[in-house]
Each structure stands twice: as C-alpha cells, then as structure tokens.
Amino acid sequence: MVTIIGGGLAGCEAAWQVASRGVRVRLHEMRPVRPTLVHQGDRLAELVCSNSFRGDKLDNAVGVLKEEMRRLGSIIMRCAEATRVPAGAALAVDRGRFADAVTAAICAHPLIEVVREEITAIPAAGATGGPVIVATGPLTSDTLSQDIARFVGAEHLSFYDAISPIVLAESIDRSIVFRASRWGRSLRGDERRASSTPTRVGSESAHLEGTGVAELARQADSTAESGSLQAAGCSLPEAEPEAEGPACGVDDGEGDYLNCPMDEAEYRAFYDALVSAESATVHDFDSVQFFEGCLPIEVMAHRGRETLRFGPMKPVGLPDPRTGRIPFAVVQLRQDTLAGDHFSLVGFQTQLKWGDQARVLRMIPGLQDAEFVRFGMVHRNTYINGPMVLLPTWQTRAREDLFFAGQVSGVEGYVESAGSGLLAGINAAHQALALSPIEAPRETAIGALAYYVSHAEARHYQPTNITFGIMPPLELPAARRSRGEGGPRRKDQRKEALAQRALQALDNWMGQVAIGAPA
Ligand code: FAD
C-alpha cells in the first residue's frame, strides 16, 4: 500500500498513478476537518487562485508538459479537458466542475481510500506498510511543517517566497551591462552549490569608511542584515568579503554576475518611479512579517533615498570596465546555473503589480527591453530545498520509501505540481511492486523539472515553473556540426525543436513507465 498525505493536485495525480498500477492507496486530506486559509471547500484538487493551467500549445514549455502528462495517463489533465472553458491558447477550467470531477474519479476508484484527517508527522519508515508521499502543498499544516523541518533540517524548509523577477538572457542589452563579481571575486563551484548556512550580508561600514558616507552606510546596515534568510527563501545581494578593502580587481569580462550600471540621474529617476509604483494587494494569508534582510525592494526604498545604494544596489567593488569608475548604483543579475538563459535580479524581491513592475524595472539600464520570465512576488509558500533533499525520482535522499511531490517539493504551479505527483506516484508504485525507480529523460519537460528540483543550485534555491530554459540545449548531429551548421536561429524554431525532442524522448521512454501498469 502507498500512503499519500494531501489531496491536492499532486496528491490526487500520485494516487491515480499508483492505483492504476494495481497498488492500494490511502489518501489523507485534512479538509474539511482542518481548513487552510485559502481553500474554499472540502473537495479534492481545489484550485486556490486562477482557473488557468496556462498555455496549451507546444510553443511553450508548460504546453509540452501537459502533452507529456496526457500521454502518461494523467487524471488531472483528463479532468481539465472535461471541464475546459474557452481561454484562447490556454487551458482554463470551470474550477467547481474540475474539483468535482477529480473528487469523483478518486473516490470512485476501488483501490483508493480517502481519509479526512490531518497528519501531524511524517510516518516512520515501515509504519504504514509501504512508501509515503508528502504532497501537502504550499499551505502545509503547521504541525506537519514542524516535523518536515525536523526531517529535512530547519534551514532547508522555507515558509515564504520572496521572489525576485527573472528576465530572459537574450533580452538583456549587453552593450550596457558588464560581467563582473564584486572585488573581482568569483564564486567557486562548491560555494554555488549546497550551502546549509544562511548567507549573511556583511557590514558595509568597513568598506565605506573612507568614502565619507559611513553614516549612511550605518543607517543602511539594518536593511542589509539578514536573519533567517534561508527560511524566507530570499534572494540576496552578493556578499562582501569579510576583510578585503576596495582593491577593485577589474573583471575584464569575467565574473558571475551581469551588472547594470546607473549614474546619479538614472538612479534618482528609478527611485522616484519605484516609490510611486502600485503594490499588489496583500491578501490575509499573505500578511507577512518580513525578514529584515528580505524586504521587498519598494519597502526598502521607502526607508530613504539612499537605502538601496547601500543594500541590493550597492556599487562598491564593481568598477565599470569601460570607464574604470564605480557607478553611482548597480543592479546585479545572477544567472540561474541550470537555466542558463534566465537571470534573476539579485535582492529585488517585490510586491509591485506586474504592470508597474515591468515599467519600473525597464528603467534599469540594460533592461529597457527586458522580457520577464517571472515577476517578483511575496507570498506564503512552504517548500523544501529540493536539491538538498530530493532525487530526480522524487524520493528523499535520506529515506528511499519517502517521497515529496507538488509545491512542497519545490516546484511552482498547478501543472508542475501535478506533474511531480505523476512521477512520484509511478515510483512509489514501483517500490510497492519491488521494481526499480525510474527517471524521466532530461529532454522531456517532466524529466527536466525533476532534474531541476534535485540538481539546481541549493544555496539560492527557488521553486520554478517549467521553462525551456531548464531543458538541456539542443545538440546538432555530428555530421551537421562538422559542416559548421548552427542550430535553429529563430526562437520559435528552437522552441519547436525542443518540444519535438521532448515528445520523442517521452515516447521512447514510455516502455519503462508501462511496467506495473495494467494493460
Ligand atoms: P495543494 O493543491 O494545496 O494540495 C495540498 C493539500 O494538502 C490541500 O488539500 C491541503 O488541505 C492538504 N494538507 C495540507 N496539510 C495537510 C496535513 N497535515 N494532513 C493532510 N492534508 C494536508 N499556481 C498556479 O499555477 N496558478 C495560480 O494561480 C496559483 N495561485 C496560487 C495562490 C496561492 C495563494 C498559493 C499559495 C499558491 C498558488 N499557486 C498557483 C501555486 C500552486 O500551484 C498551487 O498552490 C497548487 O495547488 C499546488 O498543488 P499541491 O498539490 O502541491 O498543493
């Protein structure tokens, strides 16, 4: 038997996959016995916000993920199709009928038992007579959250998402930005990966004493200090080295960050736009006591005209190689190590409305034509640090009979949550049937997501939607490479090629998935 905790998108999909392989499931859902602050009723797979599953064409990655899930027999996709409402190129559903359809399918399955109760601790190994999948979502109940923190380590469980915006690399103006690390210092591989210690942003004062702005630096120190940053899922400004002075090793095109330099007039204009922009409505469930080191950029700006220059926009140690001078302010962009074509704005978590966010952030030199892969936001979100805890099979590294799936596992979005539940369900069934776990090919969307969650940079880990950027780049056949031919040049052609490659890889892999599944 497989035990599943949480009857949301991930838990229901996992239950369906397990039961479809002839294995019994006990699915624990705490509603209505214990409600969450967001769910409205007692049905399974309730959509907590938008009724959209996003794009449904193969020209975007979530469309590819959906197509893969259909081919893998997803119950979430089947119910979504059955309750579809007109929404152009997107797949949107009638949310009430959708939740009814999933609830009916799950409750009618002879191998699935739904138990309405809160689970307050991760069952001990062997206690339930089979594998356990934790799929309790972003609003995991407090008592279970505490036990998850105990299991994964408190520093590897986040309770809030303070997300910085992410832009597409090719939309950054490289004639304006320059590549450099502060003081010419590059992060080593082991620094990039797995750091279990929350980063602490060093005091500015030591570096600024000689510049005549030490007083401002002291004022700004409070914004640069970080408390339990890992717990807040923050994106931090690049840390200062402890003892080095401003020796300014010039980075001649080297370094881990892209830097957007601002002169004083640009900074003043940006500041004025930022403090007058409109913030998104803060819902009850979102009313967060912000961590000091994790303040939204606009909240920081309201503390004073210079605060940002001593927080995330500090220019010290970053001379512009074209002028040799330190800019008035700098916005740093950090490359996502796996999604090489995505850059996040370091320390720019924000609650600005998306329209205003785009308008204000495009005032940053180099980002005037920026395309946003994801906007910044701050909201309640319980999730583990996937790369520290999980394998690409969605099993935990520490206990092979324990799986995480859905938003709590470190993915973002309805479809991604269901997709992770699908693979976790297949592998839990495999384990119950004494079969080996399977990994989806990285070229598939579902495999790329599993790889990202288990291999992304742990130190700055943030949940992700599926994007083409986390799939491996296209490789040309050797014959074409030797003729000096390049890959598809146009973005739409590249996407089409990635989508076709994903579906081909999925079809080749389907034989393994069918193991254990009834004919
Ligand atoms: P859920 O669908 O939340 O399911 C988890 C289930 O576990 C719940 O039914 C819960 O009652 C139950 N549970 C929790 N603790 C326990 C326990 N201890 N014992 C038993 N049961 C328990 N994504 C989008 O794609 N589009 C959006 O518009 C969107 N809006 C969001 C809005 C908010 C406010 C939040 C928090 C998230 C949003 N997300 C959105 C992100 C995410 O995709 C959804 O939260 C999605 O529902 C996650 O699926 P899940 O199965 O992981 O979790």
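Values computed for the structure shown
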| item | result |
| --- | --- |
| Residue in the stretch 401-410 that is away from the ligand (no atom under 16 Å from the Cβ), surrounded by fewer than 21 Cβ atoms within 10 Å (Cβ to Cβ) and over 22 Å from ARG26 (Cα atoms) present | no |
| Cβ-Cβ under 8 Å pairs, at least 6 apart or on other chains, the stretch 409-434 side free of Cβ contacts under 8 Å to residues at least 40 places away in the same chain and outside any helix (DSSP H, G or I), far side open to solvent by 10 Å² or more (accessible area, probe 1.4 Å) and away from the ligand (no atom under 14 Å from the Cβ) | none |
| Contacts under 6 angstrom Cβ, first residue in the stretch 52-63 being aromatic (Phe, Trp, Tyr), partner modelled with pLDDT under 95, 6 or more apart | PHE53/LEU91 |
| Within the stretch 2-23, tally of residues that are on the phi > 0 side of the Ramachandran plot and either in contact with a strand residue (DSSP E or B) (Cβ under 8 Å, 6 or more places away or on another chain) or within 12 Å of the ligand (Cβ to nearest atom) (or both) | 1 |
| Exclusive hit being basic (Lys, Arg), within 30 Å of ALA61 (Cβ to Cβ) and touching a residue at least 24 places away in the same chain (Cβ under 8 Å), set ARG334, ARG303, ARG309, ARG322 | ARG334 |
| Unmet criterion (only one of (1) more than 17 Å from THR464 (Cβ to Cβ); (2) surrounded by fewer than 24 Cβ atoms within 10 Å (Cβ to Cβ); (3) in the same structural domain as ILE122 (by TED's automatic domain parsing)) for PRO392 | (1) |
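The values are calculated or read from the model by the stated rules, or taken from the named source; none is laboratory data. This is a predicted model, so every value here is computed, not measured. Heads up, the Cβs are rebuilt from the backbone with ideal geometry, glycines too, and the neighbour counts pull from every protein chain shown. Only protein heavy atoms, including side chains, enter the accessible area calculation; ligands, DNA and RNA are left aside. Shrake-Rupley method; radii C 1.70, N 1.55, O 1.52, S 1.80 Å.
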